[in-house]
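Nothing in this text is a laboratory measurement; each read-out follows from the coordinates by a stated rule. Just so it is clear, the model here is predicted, and its values are computed rather than measured. Using ideal geometry, Cβ is built from the backbone for each residue, glycine included, and neighbour counts are taken over all protein chains shown.
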Amino acid sequence: MKSFKDHLAEQQELADLIEKQIIIGKGKKYGQVVFMAGGSGSGKGFAITHFMEGDKFKVRDVDSWKSAFVKIAELQSKHKEIQGLDFNNPEDARKMHEWIKEKGIKEKTLDALLSDARQGILPNILFDITMKDKDSIWETMPSLEKAGYDPKNVNIIWVLTNYSISIKQNRDPERGRIVPDDIMLLTHEGAASTMLDFIKDGTPRAVNGGVYIILGGKKNTIFYTDKDGKPLKTGKNKDTFVVKDFKYLTLKEPGGKMTTDSGLKKQAFQWIKDNAPQTLNTAGIFDPKKNK
C-alpha cells in the first residue's frame, strides 16, 4: 500500500508532466464547436478524452444514447419496435440506426443543447459524427448560426485510423455495439472523400475554424510511463492515460485558409492513402494527379 508521501509524490509527478493536446479556442469554455469526425470504430471517444480538452464540451453522441432509448422503451412499455434490441447484433444495430433517423433524434438533441444558449454565453459543443458526407455538418449549421456561433470557432477534427484496425475495434465486445459491415465501410469511405474535398477546396464560410487530422491507433500514441514502464493514469477513477505525444496535422488555423504547404498536404494525402479503405468507390481519391 502506498504511503501518503508516495501518493503526494505521484500527484506532483503527474502535475509536472506536459500533456500534448489540441487546444480549441485557446481553451475557452464557451462559444466553441467541434465536429469530431471519423469512420465507425476509429476511436473518436478516446480522442475526445485524451487528445483535447473534452471535459470542456457538451458532447452530442447519438450512438452513446441508444442503449438508454431501448431501456426507456422497455420500462415505459412503448416503442415495441426497439425493445430488446442487442447492439452486438448488426441487424439490431441497423434497426436502431433507422429508428433514430425516423424519430429525428439528432435534431431534438441539438435543440436541447441550444435551449439555454444566448449571444455571448454559448456552450462548447462537440458533435461525434462519421462525416460520411457533408450533410452531417451542414444539417446543424442553420441552428448554430441562429444561436450566434462565430464561424471562426467552428472546427473539424478527423480521427483517421487504419481501416483494418477500426474493424477490430468495432468488433470488440466491450464497445457495446457493432456497426454492420456495409455501414462501417460506407463511413470510412465517406469520411476520406469528404475530408479530401476540404483539403483541396477549403471549407465553407460557416466552418472557418481549425481543421486537424489525428492519426489514430495505439502505435501512433506515446504515453507517459512509470518507472516500471506502465502507462501513467490520472482522473478520479485513474482510468485516463497521460499522453506524451501523438501524431496529428494542422491543415487550417482558425480564421485562416486551408494550408497551401505542399509538404503538409502531401503528408495528409499519404496518411489517407495508407489508412482509408481502398475500394472502387475510393479509387479516385488515390489518384496522384487529382491530389496536387
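Label separation (W65 vs K219): 3.8 nm, computed from points 7 Å beyond Cα along the C-beta direction. Charging the Cβ of each Asp and Glu at -1 and of each Lys and Arg at +1, and nothing else, the dipole of the chain about its Cα centre rounds to 520 debye.
Along its principal axes, segment 112-229 has C-alpha extents of 49, 41, 31 angstrom, given from the largest down. Here the ratio of the Cα radius of gyration of the chain to 2.2 N^0.38 Å is 1.06. Just checking the listed ones, G43, G255, G216: in the Gaussian network model of the chain with Cα springs under 10 Å, the one fluctuating most is G255.
The protection proxy used here, the mean number of other Cβ atoms lying within 10 Å of each residue, ranks peptides 180-188, 65-73 as follows, highest first: 180-188, 65-73. Reported to the nearest whole Å, the Cα centre-to-centre distance from segment 22-39 to segment 208-276 is 14. Taking each DSSP H run with n ≥ 4 as -39500 (n - 2.57) and averaging over every residue of the chain yields -11000 deg cm²/dmol at 222 nm. Shown for segment 215-281 is the translational diffusion coefficient from the Stokes-Einstein equation, using the Kirkwood radius over Cα pairs, a temperature of 4 °C and a viscosity of 1.567 mPa s: 86 µm²/s.
Relative to the current alpha-carbon distance between D245 and K103, full extension at 0.36 nm per residue lengthens the span by 47.0 nm. Taking each residue as 0.36 nm, the span from S77 to D135 lengthens on full extension beyond its C-alpha to C-alpha distance by 17.5 nm. In this structure, the pairs whose alpha-carbon distance is over 24 Å, taken from K44/K244; K56/K244; K168/K265; K58/K108; K103/K168; K106/K266, are K168/K265; K103/K168; K106/K266.
Normalised size of segment 34-184, defined as Cα radius of gyration per 2.2 N^0.38 Å with N residues, equals 1.09.
Between Q21 and R171, the simple label model (points 7 Å from Cα in the Cβ direction) yields a spacing of 3.5 nm.
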